Amino acid sequence: MQRTLLTIVLIPFSALSAVAVWQHGYWGILAPHFQTTGAAQVLADLVIALSLVMVWMWNDAKTKGRKVVPWIVLTLVAGSFGPLLYLLTERRAARAQG
């Protein structure tokens, strides 16, 4: 169930992200967040939320013996793709170790 839900979220999010990057470029996605305080607040909120998620991933990976650095780097570069893919690959990593 969890993998299905994550996949349902990941597929349209990937499509939306691809269209946004295609239309505006990577930096073009970030640029509007520096034009108004309202947009800056949304960016700050995203940074705080993803920072908390990265702390959780770090602790979870340490507990489960998983490598976390690739997921942290992916989160820093591509936002929510890092945590989504970390969660999607969790079962496979657990199976490989067990």
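In table form, for the structure just shown:
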item: Residues (surrounded by 12 or more Cβ atoms within 10 Å (Cβ to Cβ) and either more than 18 Å from L6 (Cα to Cα) or at pLDDT below 95 (or both)) located in segment 56-71; result: W58, A61, K64, R66, V68, P70
item: Condition met for L74 (in contact (Cβ under 8 Å) with a residue 24 or more places away in the chain and surrounded by 13 or more Cβ atoms within 10 Å (Cβ to Cβ)); result: no
item: Residue list for segment 1-15, filter: among the aliphatic types (A, V, I, L, M) and either exposed (fewer than 13 other Cβ atoms within 10 Å of the Cβ) or not in a helix (DSSP H, G or I) (or both); result: M1, L5, I8, I11, A15
item: Any hit, segment 17-32, residues being under 14 Å from the mean Cα position of the chain (by Cα) and assigned to a helix (DSSP H, G or I); result: yes
item: Residue check for F81: at pLDDT below 95 and either buried (at least 16 other Cβ atoms within 10 Å of the Cβ) or not basic (K, R) (or both); result: no
item: Residue in segment 27-40 that is over 28 Å from E90 (Cα atoms), in contact with a His (Cβ under 7 Å, 6 or more places away or on another chain) and aliphatic (A, V, I, L, M) present; result: yes
item: Matching residues in segment 48-71 - criterion: being among the aliphatic types (A, V, I, L, M) and either part of a helix (DSSP H, G or I) or at positive phi (or both); result: I48, A49, L50, L52, V53, M54, V55, M57, A61, V69
item: Any chance A18 is farther than 22 Å from W71 by Cα, surrounded by 10 or more Cβ atoms within 10 Å (Cβ to Cβ) and out of contact with any Ser or Thr (no Cβ under 8 Å at 6 or more places or on another chain); result: no
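The values are calculated or read from the model by the stated rules, or taken from the named source; none is laboratory data. Predicted model, so just to flag it, every value in this text is computed and none were measured. Methodologically, a virtual Cβ is constructed for each residue, glycine included, from the backbone with ideal geometry; neighbour enumeration extends over all protein chains shown.
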